[in-house]
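The values are calculated or read from the model by the stated rules, or taken from the named source; none is laboratory data. Computed from a predicted model, the values in this text were never measured in an experiment. Cβ atoms come from the backbone with ideal geometry, glycine included; neighbour counts cover every protein chain shown. SASA here: full protein model, heavy atoms, side chains in, ligands and nucleic acids out. Shrake-Rupley method; radii C 1.70, N 1.55, O 1.52, S 1.80 Å.
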Amino acid sequence: MRRKICTFGAVCALLLTACGKGNAVVQTSGAGPASNMEQVPENMSARPEKTESQTITVSGRETVKTVPDMAEIVYAVSTQEKDAAACQKANTEKVNQLLAALKALGIEEKSIQTSGYDISPRYDWDRNGEIVGYEATTQVTVSDISLAQVGEVLEESVESGVNQVQSLAFLASDYDKSYQEALKMAVNQAQEKAQALADASGCTLGRPIHITEYGSDQSTRYVNVNAAQSMKREAAADMAMSVMAGEIDVEASISVDFAIQ
């Protein structure tokens with residue numbers, strides 16, 4: 001009678017942890033009559049460890065509030081006439097009135113910019129799209145306005161013939177300083193997060209090996225401060241029109257990879 005002998009191979013199991021140390025038991029299978037079991041010494045790694053790839057990645061986001069000291073206003077001057085040339089002429093006259101009013105308030109020419117212009121026909125769709133006239137719009141951006149002067153500038157410009165105030169933005173001359181402070185706070189926050197994660201997982205936190213800074217909102221940044229125009233916020237009480245600037249949020253956002261052992 002022929003005896004059948006079946007050999008079953010053992011399943012290979014290897015347990016390695018990122019932060020722990022100890023002996024690893026490896027079971028190997030082969031074609032021989034029996035399976036072999038080997039004890040891997042503590043000072044011998046069954047698989048080469050790449051410490052540089054062992055990291056904790058965390059994010060940090062902090063906000064610093066700062067007080068604005070300047071303002072920027074964007075106006076729109078619109079006119080309508082039946083003739084395109086007449087429309088353009090009327091629009092130019094209104095823009096010149098605005099410029100005269102701004103200069104009378106002490107706004108320098110370098111702070112006034114024609115930031116947009118458009119002239120287009122107006123249609124009457126009740127009459128099959130017949131052209132019934134033209135509309136011209138000039139956009140004017142005025143910067144370097146001290147907070148104490150914002151209300152007066154708004155009132156005088158409207159009286160000069162401005163149709164629209166498209167935007168009013170408050171800017172901070174110390175934006176860069178505030179942003180650097182927010183960055184430092186974000187890094188400290190990331191460090192605290194990484195330490196907590198390392199402690200919870202039994203690891204030792206190492207140095208930061210990679211830091212990514214995400215883009216910040218630069219719309220409130222202002223660096224070309226005219227010292228002669230810049231005034232303290234307390235002077236805003238004398239404004240012809242009440243304008244409250246409040247505070248500006250300067251936010252920094254980062255991501256940090258920390259080495260762990």
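Here are some notes:
- Carbon plus sulfur fraction of accessible area for the range 50-186, probe 1.4 Å, in percent: 45 percent
- FRET efficiency for the residue 247 to residue 184 pair, using the beta carbon distance and R₀ = 22 Å, is estimated at 0.65.
- Kirkwood-Stokes translational diffusion coefficient of the range 51-183, alpha-carbon pairs, 4 °C, 1.567 mPa s, µm²/s: 72 µm²/s
- When only alpha carbons are used to place a centre, the range 246-260 and the range 124-146 end up 43 Å from one another.
- Inter-label distance, nm, simple model (7 Å from Cα along the C-beta direction), residue 261/residue 192: 2.6 nm
- Eligible aspartates and glutamates near residue 103 by straight Cα distance, threshold 17 Å, same-chain separation 8 or greater: 72, 93, 144, 152, 155, 156, 159
- Highest to lowest packing among 168-177, 125-134, scored as the average C-beta count within 10 Å: 168-177, 125-134
- Residues with amide H under 5 Å from that of residue 144, placed H, sequence gap 5 or more: 71
- Members of 89/110; 110/177; 110/184 lying beyond 29 Å, as alpha-carbon distances in this model show: 110/184
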